[in-house]
Amino acid sequence: MKLFPIFTDLKGRQVLVVGGGAVAERKIRSLLAAGADVLAGAPEFTPGLLELAREGQQLALRQEAFRPEWLGEAWLVVAATDDLELNRDIARLAGQARLFINVVDDPELSSFQVPSIVDRSPLTIAISSSGAAPVLARRLRERIESLFDHSLGALATLAARHRTAIRRLRPGLQRRREFYDWLLDGPVSSALRAQRFDAAEQALLNELSKPEAAPVGEVVLVGAGPGDPGLLTLKALRALNEADVILYDRLVSDEVLELARRDAERVFVGKTPGEDHNATQTRIHELMREHALAGRRVLRLKGGDAFVFGRGGEELEYLAEHGIPYRVVPGLTAGLACTAYAGIPLTHRAHAQSVRFITAHSSKQDDALDWPSLAGEKQTLVFYMGVSQIKWLERQLLKHGRSGETPFSLIENGTRARQRTLTGRLSELAALATYHGFQAPSLLVVGEVAALGPRLSWYGTHIDHLEGSHEQQPRPAGQELQPLHS
């Protein structure tokens, strides 16, 4: 985050604006609207600024060249002249005086930026591109303007007027949050949109007069998808913003967690290789029960989809057994999302009439997979959690009759910023995966459709060993690719 967003109370505080043109006028009007006392200095002023001064606004005009002593009483400084050298001098002097300064259209000289604003006073929404793309910030403001009804200002004012009573009658944080959700989604908001202000206030007071119900906890089982936060469902996003406690797995991306409520308690419950997964799962069960019985909203956040190799069914069985309310929000499983991002269709009329999702997270001792069936042609195999079993998977498929020429794709960090896809022939799977250093989380796709990936790829990096074209990490001179032996 390049800039720290801050909302400043300028009422009764002086802001110095150097400049008297159209740009300076726009800045001054915004500052006056925020209650600032504005001192503006320039050799000439627009008719609009002269009229504002005559109207008795909190605006003092100095019709002369810039003087350093103007900085003496200022809290903030805006340089809005068309003289680059003068702007640079003002920025230097402001820095020496430890004053925040905005130099219009010069983010390098600015210590604060003036954002694009959506005004629903007292609710204010500000958008900044850190000075890098002001047109983008303006376009976003236009979109946001259409999303938020103007009645939100009246709603915020009403909530502020009754804030003390709300805190007194809804002392619990969760109940108070639920009340504000009701305020936004219920009859109060509807009445304000219809300009029925007295009815809105009466509805608020009626709701406050009802006795506070005892908190009832629940667990929401949410699939977080494979990592790209843009793939979250709307219900998942809402659950992230309503949760009191978040129990999250290792495969939940940081970008998804960033969308959660800032004050929610976050508990990492991910399983790591080598530990007792049953003991970890027991702890997850206990944490869900403990927090739910305490009246909290518990978000059980899983990578991908909770019901596809996620032990979500076991967790619901536990909750049902203990009488704990729960809901499920499905997520986009990695087998669907990662292959789509790699340009690999799971089915294709010419290549695959079926697709099978398989967990490779098993040992040779408890292997119960139907390998002869999996080795059949005209089907797509998608192996989850298979990186540590790459050599074994290759050997088993070849042993049971799958051709060594069968294409494969290995997708690492699917849908995330560092996605890599490796495509080659099944007989070289283990060797290529090791050579290119593929690690978990990775998804393995075996089948004729994998050959389409290099041509249809649209996201991340694709390393193609089917046609001998390597888009990344070319083999060093003299180094031959050696097969792995178990």
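Numbers below:
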{"read-out": "Degrees between helix 277-293 axis and first principal axis of the chain (Cα, 0 to 90, nearest 10)", "value": "40 degrees"}
{"read-out": "Exposed-site-free run, longest, the chain (rule: GluC sites (Glu not before Pro); DSSP loop; at most 11 other C-beta within 10 Å)", "value": "109-257"}
{"read-out": "Portion, in percent, of the accessible area of the chain that falls on carbon or sulfur, probe 1.4 Å", "value": "53 percent"}
{"read-out": "Relative contact order of the chain, pairs being alpha-carbon contacts under 8 Å that are 6 or more residues apart, as %", "value": "9 percent"}
{"read-out": "Nearest-ten-degree value, helix 197-209 long axis tilted from longest Cα axis of the chain", "value": "60 degrees"}
{"read-out": "Cα centroid separation - segment 432-459 against segment 267-338, whole Å", "value": "29 Å"}
{"read-out": "By accessible area with a 1.4 Å probe, ligands and nucleic acids excluded, highest first: order of Trp75, Trp392, Trp182", "value": "Trp75, Trp182, Trp392"}
{"read-out": "With Cα atoms, 0 to 90° folded angle of helix 390-399 axis to the chain main axis", "value": "40 degrees"}
{"read-out": "Accessible area (Å², 1.4 Å probe, nearest 10) - Val219", "value": "0 Å²"}
{"read-out": "Computed [θ] at 222 nm, helices only, for the chain once each DSSP H run of length n ≥ 4 contributes -39500 (n - 2.57)", "value": "-10000 deg cm²/dmol"}
{"read-out": "Prolate/oblate/rounded call for segment 283-417, Cα gyration tensor, a/c under 1.5 rounded", "value": "prolate"}
{"read-out": "Relative contact order computed over segment 171-326 (Cα-Cα under 8 Å; 6+ residues apart), in percent", "value": "30 percent"}
{"read-out": "Cα-centred dipole magnitude for the chain, charges only on beta-carbon of K, R (+1) and D, E (-1), debye, nearest 20", "value": "740 debye"}
{"read-out": "Under the Karplus curve 6.51 cos²θ - 1.76 cosθ + 1.60, θ = phi - 60°, whole-Hz ³J(HN,Hα) for segment 212-225, x wherever Gly or Pro sits", "value": "6, 6, 5, x, 10, x, 8, 10, 10, 8, 10, x, 8, x"}
{"read-out": "Accessible surface ranking that places the most exposed of Tyr341, Tyr180 first, with a 1.4 angstrom probe", "value": "Tyr180, Tyr341"}
{"read-out": "Considering only segment 329-462, percent of DSSP beta bridges that pair antiparallel, nearest 5", "value": "70 percent"}
{"read-out": "Accessible-area order (highest first, 1.4 angstrom probe) of the listed residues Met1, Met288, Met385", "value": "Met1, Met385, Met288"}
{"read-out": "Segment 276-424: relative contact order in percent, alpha carbon pairs under 8 Å with at least 6 residues between", "value": "17 percent"}
{"read-out": "Gain on full stretching of the segment that runs from Asp83 to Lys210 - 0.36 nm per residue minus C-alpha separation", "value": "39.4 nm"}
{"read-out": "Shape call, segment 151-209: gyration tensor on alpha carbons, a/c limit 1.5", "value": "prolate"}
{"read-out": "Amide hydrogen neighbours beyond the local backbone of Arg266, cut-off 5 Å, H modeled", "value": "Ile246"}
{"read-out": "Cα gyration tensor shape for the chain, rounded if a/c is under 1.5, else prolate or oblate", "value": "oblate"}
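The values are calculated or read from the model by the stated rules, or taken from the named source; none is laboratory data. All values reported here derive from a predicted model rather than from experimental measurement. Please note: Cβ atoms are built from the backbone with ideal geometry, for glycine as well, and neighbour counts cover all protein chains shown. Protein only, heavy atoms only, side chains kept; ligands, DNA and RNA dropped before computing areas. Shrake-Rupley method; radii C 1.70, N 1.55, O 1.52, S 1.80 Å.
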